Amino acid sequence: QAKARGRNGYRFYAPSMTGEGMERLRLETFLRRSLEKNEIFLNYQPQVEIDTGRLIGVEALVRWNHPELGLVPPSRFIALAEDSGFINQLGKWVLEEACRQMLRWQQQGLHVPKMAVNLSLKQFERGSIAGMVDAILQETGLEPQRLQLEVTESVIMNTSDALGYINDLHAIGVGLAIDDFGTGYSSLAYLKQLPVQTLKIDRSFIKDIASDADDEAITIAIIELGRSMQLSVIAEGVETQEQAAFLLRHGCRLAQGYFYSRPVTAHDIVERWTSL
Ligand code: C2E
Ligand code: MG
Ligand code: MG
Ligand code: MG
């Protein structure tokens with residue numbers, strides 16, 4: 001959201017600014033009460049092995065259902081939550097709920113190998129993120145290696161002590177993935193120092209993989225990079241059979257996207273994956 005407004009944050013038309021400002025304030029007021037009103041919940045999007053269709057994990061994606069506004073997409077409230085500081089509360093709730101869900105599935109007879117959860121920059125700035133994650137793992141009893149935290153490239157590059165925080169998280173045994181990979185600009189030298197296991201190819205590259213030579217080249221380069229650095233590579237936003245086939249042909253074995261499943265409820269995950 002902030003990005004769309006332009007670098008300096010100034011806007012040009014006062015009337016629309018007022019309207020937007022009011023809207024923002026209203027949204028922020030609603031958002032602050034969303035957790036206690038049980039309006040926040042999680043959807044889960046399967047991550048699969050392309051050639052077998054096997055479930056290798058899920059990504060937790062936060063959802064906000066407000067009685068007046070309806071379903072508000074993360075693109076409309078995550079940045080707001082970050083600006084207002086609410087993200088710390090929200091992020092903690094998401095982590096707890098995601099970890100608890102892994103145990104519920106287990107009790108229902110479904111073993112989901114891995115839970116991926118998104119972290120935002122503001123959660124790092126507050127410090128002691130590893131302490132919070134560790135406490136949640138202790139409390140829920142989820143094995144640390146079954147939790148994978150996703151951090152975008154831009155977060156890593158724009159946080160002064162990102163390496164320190166990421167090392168702390170690595171030390172408690174959780175997995176780390178770089179989300180939206182290819183859209184930021186991390187230097188490869190820096191990447192080499194990070195104890196991450198997974199690169200997620202941004203869906204903007206996957207979209208036109210079959211028709212755009214640049215996207216094709218970038219995707220192949222990321223797959224190669226992953227191979228040479230012994231990282232696992234997962235493609236985001238896979239919507240077609242052709243995209244999946246392309247990825248497999250070029251050595252990317254893992255994917256996530258509407259072709260396999262949209263983000264769905266915990267119950268839908270059980271329905272689809274238990275009876276195999
Ligand atoms: P992300 O982490 O890159 O998540 C992937 C987004 O791509 C999700 O959007 C998902 O619904 C969408 N997607 C998945 N497959 C496809 C596909 O095949 N085609 C298309 N067009 N889209 C696909 P969503 O759920 O709207 O989330 C958007 C972003 O909001 C996420 O991007 C993430 O950055 C952020 N977000 C979501 N949940 C959380 C959260 O719990 N905490 C934080 N900090 N950020 C979150
Ligand atoms: Mg993600
Ligand atoms: Mg992504
Ligand atoms: Mg994204």
Rounding to the nearest 20 debye, state how big the charge dipole of the chain is about its Cα centre with +1 on each Lys and Arg Cβ and -1 on each Asp and Glu Cβ.
-> 420
For the chain, set up a Gaussian network in which alpha carbons nearer than 10 Å are linked by springs, and say which option among Gln256, Gln243, Gln47 fluctuates the most.
-> Gln243
Partner lysines whose C-alpha sits under 18 Å from that of Lys37, ignoring same-chain residues fewer than 8 away, are Lys92
For the chain, with all protein chains present and a 1.4 Å probe, just round the carbon and sulfur fraction of the accessible area to a whole percent.
-> 51
Positive-end residue, the chain charge dipole about Cα centroid, Cβ charges, pick of Ala217, Tyr44, Gly19 | Gly19
Apply the Debye scattering formula to region 205-276, with a single equal point scatterer on each alpha-carbon and no solvent, then give log10 I(q)/I(0) at q = 0.16 Å⁻¹.
-> -0.61
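What is the mean projected area of the alpha carbon convex hull for the chain, to one decimal in square nanometres? If you can, show how the numbers build up before the last one.
Working: hull surface 63.3 nm².
Hull-based average projected area comes out at 15.8 nm².
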Picking from Ser75, Met229, Gln243, whose Cα lies most toward the positive end of the charge dipole for the chain (charges on Cβ: Lys, Arg +1; Asp, Glu -1)?
-> Ser75
Structure-based [θ]222 nm, the chain - -39500 (n - 2.57) summed over DSSP H runs of at least 4, per residue, nearest 500 | -14000 deg cm²/dmol
Cα-centred dipole magnitude for region 139-208, charges only on beta-carbon of K, R (+1) and D, E (-1), debye, nearest 20 = 220
Within straight-line cross-link reach of Lys207, lysines at Cα separation under 25 Å, skipping those fewer than 8 residues along the same chain | Lys3
Compute, for Arg24, the solvent-accessible surface of its heavy atoms (probe 1.4 Å) with the complete set of protein chains present, and express it in square angstrom to the nearest 10.
-> 70
Highest average packing first - 112-120, 246-254, Cβ atoms within 10 Å | 112-120, 246-254
Expressed as a fraction of 2.2 N^0.38 Å, the rule-of-thumb size for a compact globular protein of N residues, what is the C-alpha radius of gyration of region 137-236?
-> 1.14
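The values are calculated or read from the model by the stated rules, or taken from the named source; none is laboratory data. Keep in mind that what you see is a predicted model, and the values were worked out from it rather than measured. Because the Cβ atoms are built from the backbone with ideal geometry, glycine has one as well, and the counts that use them run over all protein chains shown. The area values use the complete protein model at the heavy-atom level, side chains included, leaving out ligands, DNA and RNA. Shrake-Rupley method; radii C 1.70, N 1.55, O 1.52, S 1.80 Å.
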